[in-house]
Structure formats: C-alpha cells, structure tokens
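Novice: Sharing a structure here in structure tokens format.
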Amino acid sequence: MLAGLKLPTDPRWVNLAEKNIQEILSDHAYCEQKAATNCITIIQMFPEYEEVIEALMPIVTEEWGHFRMVVDQLKKRDLSLGRQRRDEYVNQLQTHIIQGGSRDHQIVERLLVAALIEARSCERFRLLSTDINDAELKEFYRKLMISEAGHFRLFLDLATNILPKEQVMARWEEYLLAEANIIANLELRGDRVH
C-alpha cells in the first residue's frame, strides 16, 4: 500500500461514492481548497524555513487549480458546489500532533499530517480511477492520484530534510498506526473523500 498505509479503504466506498457524485465532488473540492490553505498556513507559521516555502508555493497554486477542476466536473454534470462540511478524519488526525518542542519538531509534525492526508487521498483516488463507472471521472481521478502521490512524497522528503530520517520515519510509523485506527472507527460514507 502507498506510503505504508496500514488499513486499505473498504472497497464498498467506491460504490457509495458513485451513488453520491454531487456530494463526493463537493467534498473533494473543499479538500483541495483546504490543502491549499494548509500549505499557506505552514508558510505563515514557519517563514524561516526557506526550502519549505519554495516547495509549497507551487503546491498552493496546484491545489487551487484542482479545486477549480473539481468545480468544473460539477458544472459539467449540472451539479452545484454544496456546503463545506467538517472533515472528521482530518480533525482526528490533528489531535495526534505533538504540541511544543523545537520549531523543527513543530513543522515536521505538520508536514507528516499533510503527507498522510495526501497519501489517503491518493489511495482513494486510485480506487476511483479503477472502479468508478464514469469514464471521464476515471481518467480525472487517475491524473489526480499521480499528483497526490507527488505531494505525499514531497511533504515526507521535506520532513526528512529537517530532522534525521530515522527519527521522522519512526514518527511516521506512529502516525500510520493512529490513522489506521481513525479509518477503522469512522463511519463508511460515500459523500466524503476521507
């Protein structure tokens, strides 16, 4: 599994998502918007990390472009962008962020959470790219899956450039276990990306 995710998505998720196209596309659009916002937040919180800023600036643009692409998919289907909803998955992941410590530790925690969200999104987009019946969405999600995999890798690489790789990977393993527990206990819903 990508990035060592410990628990694969229940295969029934794609069928549920397919029955809720407007909801899944709306939720996906907001996930892209939040991904862009998260990169901006990291830049604002950690302006002294020039390598991170340089790496995240193009991601902000790309994620906002993905937001627009998802909204276009809604328009093509005469569907509207729904209201943003709480992302219980992300909220639960963020409770595992270790507060305090050095600036290096603080930014690495944020980068690892961002990497994990991208890894799970990539895994879900892969399922949509292979199992959804809509041929256009199949190709759409194949392209986005590739992009998300690149983002996941970038966040993880940035983290290992800040702290020793073995330390980052040990923390990554802790996040993977926590994330599997979150996935196992969340209700399986077809109207959410996560």
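A short reminder: the numbers here are calculations on the coordinates, not readings from a lab. Because the structure is predicted, anything quoted here is derived from the model rather than measured. Cβ coordinates were reconstructed from backbone atoms using ideal geometry, including for glycine residues, and neighbour counts include every protein chain displayed.
Novice: What does the helix-only formula give at 222 nm for the chain: each DSSP H stretch with n ≥ 4 adding -39500 (n - 2.57), the total divided by the residues, and the result rounded to the nearest 500 deg cm²/dmol?
Specialist: -25500 deg cm²/dmol
Novice: Still on this structure: Taking amide H positions as placed in the peptide plane 1.01 Å from N, state which residues far from residue 6 in sequence (5 or more) or on other chains have amide H under 5 Å from it.
Specialist: Sorted by chain and number, the residues that satisfy this are 180.
Novice: For residue 37 and residue 51 in one chain, what is 0.36 nm times their gap in residues minus the Cα-Cα distance, to one decimal in nm?
Specialist: 3.2 nm
Novice: Calculate one ³J(HN,Hα) per residue across the range 30-37 by plugging θ = phi - 60° into the Karplus curve 6.51 cos²θ - 1.76 cosθ + 1.60, and present them in order as whole Hz with x for glycine and proline.
Specialist: 5, 4, 5, 4, 5, 5, 5, 4
Novice: Just to check I understand the Karplus step: with θ = phi - 60° and J = 6.51 cos²θ - 1.76 cosθ + 1.60, what whole-Hz values come out for the range 101-115, glycine and proline as x?
Specialist: x, 6, 4, 4, 5, 4, 5, 4, 4, 5, 5, 5, 5, 4, 4
Novice: So what does the Cα-only Debye profile of the chain read at q = 0.12, 0.14, 0.19 Å⁻¹, as log10 I(q)/I(0), no solvent term?
Specialist: -0.57, -0.78, -1.40
Novice: Follow-up question, since we're still on this one. Which lysines have a Cα less than 23 Å from the Cα of residue 19, not counting those fewer than 8 places away in the same chain?
Specialist: Excluding near neighbours in sequence, the set is 75, 76, 138, 143.
Novice: Any idea how far the Cα center of the range 128-194 sits from the one of the range 77-123, in Å?
Specialist: Going from one Cα centre to the other spans 10 Å.
Novice: In addition: Summing Lys, Arg as +1 and Asp, Glu as -1, what charge do residues with Cβ under 11 Å from the Cβ of residue 141 carry, residue 141 excluded?
Specialist: 0
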